[in-house]
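The values are calculated or read from the model by the stated rules, or taken from the named source; none is laboratory data. Just so you know, these numbers come straight off a predicted model, no measurement behind them. Cβ placement follows ideal geometry from the backbone for every residue including glycine, while neighbour counts extend to all protein chains displayed.
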Amino acid sequence: MGGYGGTFPGPTFELRRGEPVTVAVRNELPVPTSTHLHGGVTPPGSDGYPTDLVVPAGAPPHPAHPGEVHHPLVKEYRYPVGQRAATLWYHDHRMDFTAPQVWRGLAGMALVRDEEEDALPLPRGERELPLMICDRAFEEDGSFRYPRAHRSGHGEHGGRGRLDGDYMEGVEGDVILVNGAPWPVAEVTATRYRLRLLNASNARRYLLRLAPGGRFTQIGSDSGLLAAPVTHDAIPISPGERYDVVVDFSGYPVGTAVTLVNALADGPAGNVMGFVVTRRAPDDSAVPAVLSRPPGRPRPVATRRFDFRATDGAWTINGHRYRPGVPLARPRVGTAEVWRLTGDFRHPVHVHLAHFQVLARNGRPPAATDAGWKDTVDVGPYEVVDVLARFDGHRGTYMLHCHNLEHEDMAMMADFEVI
Ligand code: C2O
Ligand code: CU
Ligand code: CU
């Protein structure tokens, strides 16, 4: 396996708004990588474009795709960190190989903090838990088991590690990992805890609930704190999404085993992790009625449509397989647009750079769990999801794609260029 810093997940980065950082990624793996900070408002040269590769030392200088860039061994990624406090994550984004490389360990979390968040009395320290949730399958020797690819080796897409039709829907595992541990159990005091939930699975979607009962108070979405908390009995979380929630364990008697369950699966994948309430303890945390002042909704200047569906055995956007360097849209920096997202299957749609709000699902108001600024939204089969996307901060080429990573590798990706 590979991992950032040799661990899985990779190290959790603590970033502060207004404090730019440079991260030198040194690739000691035998395969090329491209590192993307998911949810980051990042200049294009550091966004982890799929053909902007850090290649192993001594790799042959033969680009496999037109326009491919090779950085031998190291690349410095520059992150301005000008954005609001939020739960971000980073992962590999190599062309055609994102799914196997993330599965084998190339993922980690990054937390952006700021003064607005510091001023809130939210649970912190040991009572703030970043939780990277993903499913995996294992070989007998304990290594990650990912299906073997067909190597086509011919024609235009020569050398692609493409999976066959059996995996068109994506790859799921039978073991649920949280921060790399299978079905872990955390000891908690009977107090409030802040859980930063991330679905880092390739293709599995979860409906999270607390058993024997309990509620989640959502305080943040993909792109930062909500204006005001929203309470949910269940949280649907698709690949790439984050939910920042507070759970109050003071409602359970000491000794209670509380389980975070996945109501979408029976059997092992129906259990995510446990909490054991060990004792009462003082708690000076609170969830204030006003959390933040997120940016308002700008007036859109254009409406575009992006249709995600299977076309001739590939996953496509507006009928096209991914064509690096050919933008499907050219929004203007500083503007906002309505993007209408549709599809034939379930596709968690992710947009780089531009954060968005969900305006409507099938012409009706969005779900309570769609609140806030986001970068990934679950588009169900034959659903029509309208989002208002803001193009802020940088010009250049970015991507939108399905965050089912097998769909992404099977060409469900497109460029857009902010001009
Ligand atoms: Cu988390 Cu382009 O992806
Ligand atoms: Cu991203
Ligand atoms: Cu998809």
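Restricting the range 163-187 to residues that are part of a strand (DSSP E or B) and in contact with an Asp or Glu (Cβ under 8 Å, 6 or more places away or on another chain), which is surrounded by the fewest Cβ atoms within 10 Å (Cβ to Cβ)? For the range 163-187, the residue satisfying everything is V175. Being more than 16 Å from ligand 1 (Cβ to nearest atom), assigned to a loop (DSSP other than H, G, I, E, B) and in contact (Cβ under 8 Å) with a residue 12 or more places away in the chain, is that true of even one residue in the range 41-57? Within the range 41-57, one or more residues are more than 16 Å from ligand 1 (Cβ to nearest atom), assigned to a loop (DSSP other than H, G, I, E, B) and in contact (Cβ under 8 Å) with a residue 12 or more places away in the chain. Can you find even one residue in the range 75-93 that is more than 27 Å from G393 (Cα to Cα), β-branched (V, I, T) and within 16 Å of ligand 2 (Cβ to nearest atom)? Scanning the range 75-93 turns up no residue that is more than 27 Å from G393 (Cα to Cα), β-branched (V, I, T) and within 16 Å of ligand 2 (Cβ to nearest atom). The lone criterion from (1) surrounded by fewer than 23 Cβ atoms within 10 Å (Cβ to Cβ); (2) part of a loop (DSSP other than H, G, I, E, B) left unmet by P130 is number (2).
Given A314, A329, A336, A310, which one is surrounded by fewer than 16 Cβ atoms within 10 Å (Cβ to Cβ) and assigned by TED's automatic domain parsing to the domain that holds L400? Reasoning before the result, please.
Details: A314 fails: surrounded by fewer than 16 Cβ atoms within 10 Å (Cβ to Cβ); A329 fails: surrounded by fewer than 16 Cβ atoms within 10 Å (Cβ to Cβ); A336 fails: surrounded by fewer than 16 Cβ atoms within 10 Å (Cβ to Cβ).
The match here is A310.
Looking at this structure, is A200 closer than 27 Å to D248 by Cβ, within 16 Å of ligand 2 (Cβ to nearest atom) and modelled with pLDDT of 95 or more? Yes; evaluated as a whole, the condition is true for this residue. Screening H62 on (1) over 30 Å from L291 (Cβ atoms); (2) within 20 Å of the chain's Cα centre (by Cα); (3) more than 16 Å from ligand 1 (Cβ to nearest atom) shows it passes everything except condition (2). Within the range 47-76, the only residue that satisfies the criterion of being buried (at least 22 other Cβ atoms within 10 Å of the Cβ) and either of a type in the set (S, T, Y) or in the same structural domain as A414 (by TED's automatic domain parsing) (or both) is Y49. Scanning the range 188-207 for residues that are hydrophobic (A, V, I, L, M, F, W, C) and part of a strand (DSSP E or B) gives V188, L195, L197, L198, L207. Which members of the range 13-27 meet the condition of being in a loop (DSSP other than H, G, I, E, B) and over 20 Å from D118 (Cα atoms)? Within the range 13-27, N27 is the sole residue that qualifies. For the range 89-123, a residue qualifies if it is touching a Lys or Arg at 6+ places or on another chain (Cβ under 7 Å), over 26 Å from A203 (Cα atoms) and in a loop (DSSP other than H, G, I, E, B), and the qualifying residues are D114, L122, P123. Taking the conditions (1) within 16 Å of ligand 2 (Cβ to nearest atom); (2) crowded, with 21+ Cβ neighbours inside 10 Å in turn, N27 satisfies each one other than (1). Please indicate, with yes or no, whether at least one residue in the range 67-74 is more than 25 Å from the chain's Cα centre (by Cα), within 17 Å of E417 (Cβ to Cβ) and either in a loop (DSSP other than H, G, I, E, B) or away from ligand 2 (no atom under 16 Å from the Cβ) (or both). Taking every residue of the range 67-74 in turn, at least one turns out to be more than 25 Å from the chain's Cα centre (by Cα), within 17 Å of E417 (Cβ to Cβ) and either in a loop (DSSP other than H, G, I, E, B) or away from ligand 2 (no atom under 16 Å from the Cβ) (or both).
Mind telling me which of the residues D409, D392, D415 ends up being within 16 Å of ligand 3 (Cβ to nearest atom) and among the acidic types (D, E)?
Values: D392 fails: within 16 Å of ligand 3 (Cβ to nearest atom); D415 fails: within 16 Å of ligand 3 (Cβ to nearest atom).
Step by step, each of D409, D392, D415 is checked, and only D409 is within 16 Å of ligand 3 (Cβ to nearest atom) and among the acidic types (D, E).
Summed over the range 275-297, the residues that are within 22 Å of T256 (Cβ to Cβ) and touching a helix residue (DSSP H, G or I) at 6+ places or on another chain (Cβ under 6 Å) give a count of 1. Residue count for the range 358-381, restricted to those that are in contact with a Lys or Arg (Cβ under 6 Å, 6 or more places away or on another chain) and buried (at least 24 other Cβ atoms within 10 Å of the Cβ): 0.
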